[in-house]
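Shown next, in structure tokens, is the structure this report addresses.
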Amino acid sequence: MERLITLCLLLPACLSAAPKLSETPAIAVFEAKKNIPHASVRIPALLMTAKGTLIAIAEARDKATDQAGNDLLVALSKDQGKTWSKPTIAYEQGNDSCNNPCLVQDGKSGRVFLFFQTFPAGGKEFGGLPAGSKDPKGNRLLFVTSDDDGATWSKPVDVSNELKPNNAVTCASGPGIGIQLQKGKFAGRLVMPFNSQDPQKNFVNWVAFSDDAGKTWKRGAEVPQEGMQLNEVQVAETADGSLYLNSRRWRAGAPLRKVSWSQDGGATWAKATEDAALPEPVCQGSLLSTTVGGKTPIFFLNPVGKGRANGTLRRSEDGGKTWAESTLIIPGPFAYSSMAQVGKDIGVLYEPASNTIVLYRAISGTNLEGK
């Protein structure tokens, strides 16, 4: 087992000393040709339910490519990630493909929502799909639900007509997690982050939200952007009840994460900016708002440096404006990830830059309570 290393990034402002993290072994939750029959597995999503079940989701693929006859698999842990159930199917797509799983739970009803996008057999993200939601040969936006902490899942609900923009050829959630707002005027609102792509291959971000426990969903306004494109995306609630959005760079702009804030529960957003403290190696990143001892820090995790390697965790005490600590938690190959609060620890479901295995690791000593 490699020793966890603490890293202070060269940022414009000095960072405080990063906490000493405890080392925990990584557990293979999904492994191609071992505990699942598929040839490839990627794109993790992780959720801690109100009852204490960890739900892990991943795309199981017939081949390594994004649109390869994918299914969505689920594995569960009832003991805070120490052991995991054998993976089962949450959604089976047959010869078609599904991508970008994103989880959120309504705290009052306990219902878990799993959003994803689908492609017809042979359809590709950049393959000239029809725009909008009317053509059956196009990309679709679906969700399934679970009322028993991920043990069983409903038939899919198609919300393409309600949510997919008319000019969008693709429309993808997350991947990772959505959130339920806890503070202020919009407390109880479910928020799910999305990116969509127009026929000219331009990407934008927006969120869908529900104020009736997921019965109906509305699409908020696009995040204003200039000289950049916003791709895979996550959101978090800040201490004052505003929303913080953190997005992957797509082609345009500096190699930095793109960020924005919303003061109205995701209905509208401030103009996106680039965060000089958050380098972007062109990869998804995960975001988590935590609550322990009255503190609500936000954590962000992504690869740092050239290529997809060195999973680095950062903590913000001011809603994503600055990052107080930066710690290398998973040295070596590291790509997509998803985080959940597990007691006073952070659970991480991640790809070790491989398309055949998804691992889980608990990170202790992450200073959830702040200083």
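Laboratory data are not the source of any read-out in this text; all were calculated from the coordinates shown. Owing to the predicted nature of the structure, the values given are computational and were not obtained by experimental measurement. Because the Cβ atoms are built from the backbone with ideal geometry, glycine has one as well, and the counts that use them run over all protein chains shown.
If each of PHE126 and GLN200 carries a label point 7 Å out from its Cα toward its Cβ, how far apart are those two points in nm? Between PHE126 and GLN200, the label points sit 1.7 nm apart. Does the stretch 267-327 come out rounded, prolate or oblate by the C-alpha gyration tensor, with a ≥ b ≥ c the root eigenvalues, rounded set by a/c under 1.5 and, if not, prolate when a/b is larger than b/c and oblate if not? Since a/c reaches 1.5 but b/c is at least a/b, the shape of the stretch 267-327 is classed as oblate. The packing ranking, built from the mean of other Cβ atoms within 10 Å per residue, places the peptides 263-270, 58-65 in the order 58-65, 263-270, highest first.
For the chain, a crude dipole built from +1 on the beta carbon of Lys and Arg and -1 on the beta carbon of Asp and Glu, taken about the Cα centre, is about 280 debye to the nearest 20.
With a Förster radius of 25 Å applied to the C-beta separation of LYS185 and ASP148, the computed FRET efficiency comes to 0.20. Overall form of the stretch 77-189: oblate. Here a/c, set by the Cα gyration tensor axes a ≥ b ≥ c, is 1.5 or more, and a/b is not larger than b/c. One chain, two ends: ALA239 and GLU162. Fully extended at 0.36 nm per residue, the span grows by 24.7 nm beyond their Cα-Cα distance. Magnitude of the charge dipole for the stretch 25-126, about its Cα centre and with charges confined to Cβ atoms of Lys, Arg (+1) and Asp, Glu (-1), is about 360 debye.
The Rg/Rh ratio for the stretch 154-305 is 0.95, where Rg is the radius of gyration of the alpha carbons and Rh is the Kirkwood radius. A helix-only calculation puts the chain at 0 deg cm²/dmol for mean residue ellipticity at 222 nm, using -39500 (n - 2.57) for each DSSP H run of at least four residues, averaged over all residues.
Let me make sure I get this right: for the chain, a, b and c are the square roots of the gyration tensor eigenvalues over alpha carbons, sorted descending. Under 1.5 in a/c it's rounded, otherwise prolate if a/b > b/c, else oblate. Which is it? Verdict is rounded for the chain.
By the rule of a C-alpha distance below 21 Å, with chain neighbours fewer than 8 residues away ignored, the lysines paired with LYS306 are LYS258. Using only the Cα atoms of the stretch 171-233, each taken as one equal point scatterer with no solvent, compute I(q) by the Debye sum, divide by I(0), and report log10 of the ratio at q = 0.29 Å⁻¹. Result of the Debye calculation: -1.23. Within the stretch 241-331, report the trypsin sites (Lys or Arg not before Pro) that DSSP leaves as loop and that have at most 10 other Cβ atoms within 10 Å. Passing both the DSSP loop test and the Cβ count: LYS271, LYS306. Residues whose amide H comes within less than 5 Å of that of CYS283, counting only those at least five positions distant or on another chain, are ARG249 (H built at 1.01 Å from N in the peptide plane).
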